[in-house]
Structures are given as structure tokens and as C-alpha cells.
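A short worksheet on the structure shown next.
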Amino acid sequence: MREILAENAPDEANRKLFIDMAMMAYEEPAYATQRMKEKAVAAFSNKIQLNCYNRN
């Protein structure tokens, strides 16, 4: 996974960001139903966006 992310990152800062986001995603629980998967994706997206807003 790290190799794929590193290959697609335009620079070192983005490489670290891609890897950190992937690791955060793996820390989230997995769900069986489509409805819960969609809710989890929305919640994770909101968490990432809030982190970005707070850093700027």
C-alpha cells in the first residue's frame, strides 16, 4: 500500500498525507450494510475536511 501511495504522490508532503489518511481509514470499523458504509464514508470525509480546515 505504501508503495502505491508513494508512487502517486507529487511530493513528500503529499506522500505523508496520503499514507496518514489511509492509516486513519484502516482504523475505522467495517460495516456490512450499504447504508452504514455510506454513513461511515461521509463521517470519515467530514473528519478529514475538518482536520484540513483546522490546520489552515
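The values are calculated or read from the model by the stated rules, or taken from the named source; none is laboratory data. As the structure is a computational prediction, the values presented were derived from the model and not from experiment. Please note: Cβ atoms are built from the backbone with ideal geometry, for glycine as well, and neighbour counts cover all protein chains shown. SASA here: full protein model, heavy atoms, side chains in, ligands and nucleic acids out. Shrake-Rupley method; radii C 1.70, N 1.55, O 1.52, S 1.80 Å.
Would the chain count as rounded, prolate or oblate if I go by the C-alpha gyration tensor, calling it rounded below 1.5 in a/c and otherwise prolate when a/b exceeds b/c, oblate otherwise? Oblate. The residues of the chain expose on average 86 square angstrom of accessible surface per residue, using a 1.4 Å probe on protein heavy atoms.
Computed about its Cα centre, the charge dipole of the chain is approximately 280 debye, with only Lys, Arg, Asp and Glu carrying charge at their Cβ. Couplings for region 36-51, taken from phi via the Karplus curve 6.51 cos²θ - 1.76 cosθ + 1.60 with θ = phi - 60°, read 5, 4, 5, 5, 5, 5, 5, 5, 5, 4, 4, 4, 5, 4, 4, 4 Hz in order; Gly and Pro are left as x.
Just the protein heavy atoms count here, and of the accessible area of the chain at 1.4 Å, carbon and sulfur take up 56 percent. Taking the C-alpha atoms only, the angle from helix 12-27 to the longest principal axis of the chain is near 20 degrees. Label zone (A40, point 7 Å along Cα-to-C-beta; backbone nitrogen cut-off 12 Å) within region 4-34: 25-34. Dipole of the chain computed with +1 at Lys/Arg Cβ and -1 at Asp/Glu Cβ about the Cα centre; of M36, L50, F18, farthest Cα towards the positive end is M36.
Among residues other than R55 with Cβ under 14 Å from its Cβ, the summed charge is +1 (Lys and Arg +1, Asp and Glu -1).
Between N8 and N51, the contour length at 0.36 nm per residue exceeds the alpha carbon distance by 13.3 nm.
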